[in-house]
Amino acid sequence: MMWLMIIMMMTTMRRKRRRRGVVFLCLLALCRLPSIRAGCDKGACNPRMGNLALGRQLMTQTVCGYNTTEAFCWYGEKTDTRTHTHTQTFKHSANGIGGDGAGGKLGTSAHSESHCGTLQCGKCNAARPHQSHLAADMSDSSFRHPHTWWQSAEGVATETVQLDLETEFYLTHLILVFRSPRPAALALERSQDYGKSWSTLQLYARDCDAAFGVPEGDTCTHKYSQAYPCTRGEVIYRALSPWQTLDPYSPVARARLTITNLRVRLLQHQPCPCQLKEPKGGAGVGAAPPLATGQHYAIYDFIAKGSCLCNGHADQCVPAPGYQPARDRTNHVVHGRCVCRHHTEGPHCERCAALYNDQPWQPANGLTAAPNECKKCKCNGHAESCRFDVVVWLDSALRSGGVCDCLHNTEGNHCQHCRAGFYRDPQRPHTAPDSCRPCECDPKGTVATDDGGEASCDRGNGQCVCKPGVGGASCDRCRVGYWGFHDYGCKPCDCAGDCDPFTGDCVAQPDLEVPQTGNSSESQLFRAEELFSALRSSENCACKEPELRNNKIFCTMKYDYVVKVKVVSAHDKGSHAEVQVKLRKVLWRSSELRPKEAQWWSSVLRLTRGDVTLYPESWTARGCTCPVLYPGVEYLVAGHVDRKKGRLLVNMKSFVKRWSANLGRKVLQLLTHTCT
């Protein structure tokens with residue numbers, strides 16, 4: 001019933017005015033496209049559709065009266081009211097000739113009641129506005145200028161009408177309204193690469209095999225190829241079938257609908273059937289001109305119905321680069337650059353906006369109206385853009401694939417870390433632009449980053465990582481016992497105590513007296529900060545002097561090592577203390593540490609003459625080292641080994657006493673005879 005009403009309305013409108021019927025056909029075809037919301041707030045959206053030729057320049061090969069005034073004749077409508085002061089009219093009657101705007105076949109009885117209009121003749125001159133019929137007349141308003149048309153030069157065999165667009169558009173329909181009889185052969189072609197290559201959309205011919213060498217079918221049709229009606233005959237192309245439901249933003253639809261150029265090739269004239277009924281003589285005294293109604297092409301309207309290509313992410317468009325209006329003032333132009341929504345960007349909203357690449361871009365869904373918006377990357381306020389990484393996307397089980405282009409001295413997929421050379425300020429929010437502060441480290445004394453960049457520090461607290469022998473909060477000076485601050489760090493002093501930090505010369509401080517041991521030449525003075533012992537904290541550390549009176553107690557301690565050492569220096573490491581000594585003699589080592597061939601080393605400990613480090617365990621608990629170890633003094637030290645760390649430990653269980661030859665002989669005899 002609905003289709004019957006539509007057909008009746010079409011017939012009524014055709015009878016009233018054929019031009020209005022063309023517009024109705026456009027609307028009818030458009031209603032077969034999937035329904036898309038006009039606005040973008042709640043789903044997929046699409047810009048308005050219109051005539052792509054409106055406001056643009058149509059190109060033709062010829063135009064009537066280009067070099068001189070040309071005469072022409074045509075069979076007009078009975079209601080045609082266009083007049084020319086130079087026109088002579090000859091009224092004739094003729095029998096009905098078959099054919100209609102939909103392409104009825106010649107000679108059928110469907111239009112036997114039709115009558116030819118009047119034969120009219122006129123003149124055209126492209127240089128005179130009231131006699132010109134230029135290509136622009138095909139794309140002006142069909143309602144404001146219903147009787148303007150383009151006309152080719154007289155006698156041309158073929159003609160081309162071409163529309164060049166400044167960017168990609170969707171084409172859904174093409175409607176040509178001819179003023180001359182429709183061509184017996186016509187080819188409709190498009191380009192999707194700005195004219196570099198062309199493909200055929202549709203062929204129209206009275207005889208497809210004769211005109212194009214192809215049979216009647218989907219590629220070529222005889223519809224719209226009949227001569228009748230001699231004027232206002234239509235040629236209609238639909239890109240989509242009225243019965244087909246297709247997502248207009250799918251790759252299939254885009255391949256079918258996208259154009260950058262549209263070309264209509266008019267390949268073969270055919271005479272108006274009314275001409276065949278005309279007498280060969282004139283119709284009045286001295287008034288009959290020669291009939292030449294079939295020697296030119298003429299088109300009232302070129303309507304390329306389409307829209308801006310926005311992938312369902314925009315509902316309005318603005319002029320694209322390269323657009324040149326055909327007239328100074330043109331309304332209702334279909335522009336080509338999208339005003340993108342759904343966090344997309346690009347001329348056709350073909351990619352996600354700079355900070356919205358957490359998921360892969362997708363066009364909207366024209367069937368379900370799903371917008372498929374782009375998702376914002378999680379960059380903690382430290383980025384203005386991000387990129388999509390398919391590896392990250394797959395690793396996250398398709399939840400997040402954004403990798404931020406970090407600013408504010410941050411790094412990481414989400415800018416969640418401070419980059420090398422910076423640390424997180426605990427007093428500032430993580431999203432603050434100044435939350436990552438530069439490390440306050442001397443580049444000369446600080447370990448560089450792995451890539452050889454800026455000086456590094458602990459990214460959590462800003463503590464500098466010093467080079468060997470370098471100390472200070474900023475790694476800007478040599479530690480005690482080192483000298484020669486340089487790019488490689490500091491070198492150890494070749495002294496029993498401290499040395500000049502710049503020259504390496506051994507120095508002494510007369511304000512601090514160190515106990516001497518018989519040989520005054522070995523007495524040295526050291527910096528106060530090296531004496532981590534009861535010498536500096538006598539009121540806090542009461543160290544008991546050990547005595548070798550009970551041999552049984554000495555043996556039950558089962559010491560791992562007994563050695564003769566000379567203390568060089570001591571250093572506070574914060575969490576522990578280290579005492580540098582020179583190993584003079586090894587009196588004993590545990591059998592568990594004795595390897596084959598009686599070598600004085602093990603997997604965790606190697607005892608050789610030279611520099612050795614002792615680790616006082618009582619340092620952090622008591623604030624000093626007990627037993628007392630004075631720099632420059634020789635001691636007999638018996639203690640245990642930390643096998644996991646490979647350290648020689650000195651604690652309250654250790655036996656530490658100033659060295660004497662008599663003490664050495666007594667301990668050695670005790671170890672070799674009594675303890676075994």
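The values are calculated or read from the model by the stated rules, or taken from the named source; none is laboratory data. The structure presented is a predicted model; accordingly, all values stated were derived computationally and were not measured. For neighbour counting, all protein chains shown are included, and Cβ atoms are generated from backbone atoms with ideal geometry for every residue, glycine included.
Residue-level check: of (1) within 15 Å of Val264 (Cβ to Cβ); (2) surrounded by 24 or more Cβ atoms within 10 Å (Cβ to Cβ), Tyr170 misses just (1).
Under the condition of being under 23 Å from Phe554 (Cα atoms) and in a loop (DSSP other than H, G, I, E, B), which residue from region 634-645 is modelled with the lowest pLDDT?
Residues of region 634-645 under 23 Å from Phe554 (Cα atoms): 634-643.
Filter once more, keeping what is in a loop (DSSP other than H, G, I, E, B): 640, 643.
On the way: His640: 89, Arg643: 81.
Selected residue: Arg643.
Any residue in region 296-318 that is assigned to a loop (DSSP other than H, G, I, E, B), hydroxyl-bearing (Ser, Thr, Tyr) and surrounded by fewer than 17 Cβ atoms within 10 Å (Cβ to Cβ)? Within region 296-318, not a single residue is assigned to a loop (DSSP other than H, G, I, E, B), hydroxyl-bearing (Ser, Thr, Tyr) and surrounded by fewer than 17 Cβ atoms within 10 Å (Cβ to Cβ). A Cβ distance below 6 Å, combined with a sequence gap of six or more or placement on separate chains, defines the contacts here; from region 431-442, residues that are farther than 14 Å from Arg419 by Cβ reach residues that are of a type in the set (A, V, I, L, M) and assigned to a strand (DSSP E or B) in the pairs Cys441/Ala455. The residues on offer are Leu267, Leu246, Leu240, and the sole one that is buried (at least 17 other Cβ atoms within 10 Å of the Cβ) and assigned to a strand (DSSP E or B) is Leu267. Filtering region 34-70 to residues that are in contact with a Gly (Cβ under 9 Å, 6 or more places away or on another chain) and modelled with pLDDT under 90 leaves Pro34, Ser35, Ile36, Arg37, Cys40. For region 186-202, the candidate set comprises residues that are assigned to a loop (DSSP other than H, G, I, E, B) and among the polar types (S, T, N, Q); within that set, the residue that is nearest to Arg256 (Cα to Cα) is Gln192. Of all the listed residues (Glu578, Glu597), the sole one being of a type in the set (Asp, Glu), at pLDDT below 80 and outside any loop (DSSP other than H, G, I, E, B) is Glu597. Looking only at region 462-475, filter to residues that are closer than 12 Å to Lys444 by Cβ and in contact with a Ser or Thr (Cβ under 9 Å, 6 or more places away or on another chain); which one of those is surrounded by the fewest Cβ atoms within 10 Å (Cβ to Cβ)? Checking each candidate, the answer is Ser474.
Taking every residue in region 230-252 that is within 23 Å of Thr219 (Cβ to Cβ) and assigned by TED's automatic domain parsing to the domain that holds Ala185 and pairing it with any residue that is of a type in the set (Ser, Thr, Tyr) and surrounded by 10 or more Cβ atoms within 10 Å (Cβ to Cβ), at least 6 positions away or on another chain, the pairs with Cβ-Cβ distances below 6 Å are Val235/Tyr224; Ala239/Thr172. What tally of residues in region 203-237 results from selecting those that are closer than 21 Å to Cys272 by Cβ and either of a type in the set (Lys, Arg) or assigned to a loop (DSSP other than H, G, I, E, B) (or both)? Of the residues in region 203-237, 13 are closer than 21 Å to Cys272 by Cβ and either of a type in the set (Lys, Arg) or assigned to a loop (DSSP other than H, G, I, E, B) (or both). Within the set Val604, Val612, Val628, the sole residue that is outside any helix (DSSP H, G or I), at pLDDT below 80 and under 60 Å from the mean Cα position of the chain (by Cα) turns out to be Val604.
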